[in-house]
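The block underneath contains the structure these notes are about, expressed in structure tokens.
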Amino acid sequence: MSGPAPAAPRSPGIPLGRIGGVAVTLSWSWFVIAAVTVLLYTPVLLRAYPGMGALAYAAALGFAVTLALSVLLHELAHAWTGRAFGWPTGRIVLTLLGGHTHFGEVRTTPLASAVVSLAGPAVNLALAAAGWALLRAADPGPGLGWVLLDLTTWANLIVGVFNVLPGLPLDGGRVVEALVWAATGRESRGTAVAAWTGRALAAGLLVWAAATGAWRHAPTLVVTVLVAVFMWQGATASLRQAAVLSRLHGLTAGSLARTALAVDARASLAETDRRVLDWLDGRAPGTAVPQVVAVDPDRGVVGVLAAAAADAVPGPRRGETPLTAVVHGVDADAVLAAELGEEALLRAVAARPHPRWVVTAADGAVVGVLETAALERRLTG
């Protein structure tokens, strides 16, 4: 009896297309913050500009939209600067409390990380400066355009300054991370230091609200609590990431992989046996039997020998059994560079969930096989 069809995966939001080669998605959570903005800021605008009337609602909604556009430019600055350093950019997602740029497999340096991080706030500060110049040139008044420009200018100034504060998950936290990383040579140590300063900033934000009486103002209280929670959760996630990275310090895909022997995919199982024996001949007693990787001259890596399946083939039939009949298939993207290490290695494995990976040297030669389960055991201690 057939059951109901599985539900389709929920969309993360509304695709907005590609801007400068970067896919952009508007998260459903953005509509929540847009509604909150209208509800909280409309009364504020009505008190500041009593003559606006119903236009105050339009101004509050327009502010939510222009703020989203400012965040989009912020994230595009990250994406395009990352691309200048050779980082593959996946997509930008505009969310409840801002946005996030997803990068692919990144091999970065402290300098690149700091520059990419500062590109976003720099755009916001530039927008604030441009807005201030326009406001100085225009006649102040309760018109919709002037109010929107005023709100957006202040918002970009606040976002720009706030994002350079020295704690994760803010952009300034990435700069702290990069500085500690450059000084100690350990990315995980930089992440931990920047995460703890991020936690301190989150706690300090709540202390500030309590000490100054800002909590009595409903919009300020809501924004303060949301931002503090966002920062604390982001810093906590970074601390967990630092703990994982510390277990991989100095390790690479090559050092973690089990040694492998490349065999022509057209070989028989008996010929494969001979290749393995030849490889072991002359090596120290007790040397582990290498993993066997079937390689096609035209297609590259085909698969990794399944030991149990190969052992089940009786001796008389091994000469007529092709190697490809007893391998685990390997996707074309399940290949890792031997020098890939630490966070770059984790990103690569997390981005493409394969049970095993073929590890290759700089010249493309197969050097090992890394089992995802073995890597996970290493990470969990």
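Summary table
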read-out	value
Test: residue in segment 351-360 that is at pLDDT below 90, open to solvent by less than 60 Å² (accessible area, probe 1.4 Å) and within 21 Å of the chain's Cα centre (by Cα)	yes
Residues satisfying the stated conditions in segment 322-341, i.e. over 38 Å from the mean Cα position of the chain (by Cα) and either in contact (Cβ under 8 Å) with a residue 60 or more places away in the chain or open to solvent by less than 20 Å² (accessible area, probe 1.4 Å) (or both)	LEU323
Neighbours by Cβ (under 8 Å, 6+ apart or cross-chain): first from segment 38-50, within 13 Å of PHE63 (Cα to Cα); second open to solvent by 40 Å² or more (accessible area, probe 1.4 Å) and assigned to a helix (DSSP H, G or I)	VAL38/TYR57; VAL38/LEU61; LEU40/ALA218; LEU40/VAL222; THR42/TYR57
Residue match in segment 219-227 (condition: open to solvent by less than 60 Å² (accessible area, probe 1.4 Å), under 24 Å from LEU345 (Cβ atoms) and in contact (Cβ under 8 Å) with a residue 40 or more places away in the chain)	no
Test: ARG274 is without any contact (Cβ under 8 Å) to a residue 24 or more places away in the chain, in a loop (DSSP other than H, G, I, E, B) and loosely packed, with under 15 Cβ neighbours inside 10 Å	no
Given (1) among the small types (Gly, Ala, Ser); (2) touching a helix residue (DSSP H, G or I) at 6+ places or on another chain (Cβ under 6 Å); (3) farther than 23 Å from HIS100 by Cα; (4) surrounded by fewer than 20 Cβ atoms within 10 Å (Cβ to Cβ), index of the condition GLY53 fails	(2)
Criterion violated by THR287 - all others in (1) among the hydroxyl-bearing types (Ser, Thr, Tyr); (2) open to solvent by less than 50 Å² (accessible area, probe 1.4 Å); (3) closer than 29 Å to ARG378 by Cβ; (4) without any contact (Cβ under 8 Å) to a residue 12 or more places away in the chain satisfied	(2)
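The values are calculated or read from the model by the stated rules, or taken from the named source; none is laboratory data. Model, not experiment: these values are computed from the prediction. Cβ: placed from backbone, ideal geometry, glycine included. Neighbour counts: every protein chain shown. For the accessible areas, the whole protein counts, side chains as well, though only heavy atoms, and no ligand, DNA or RNA atoms are used. Shrake-Rupley method; radii C 1.70, N 1.55, O 1.52, S 1.80 Å.
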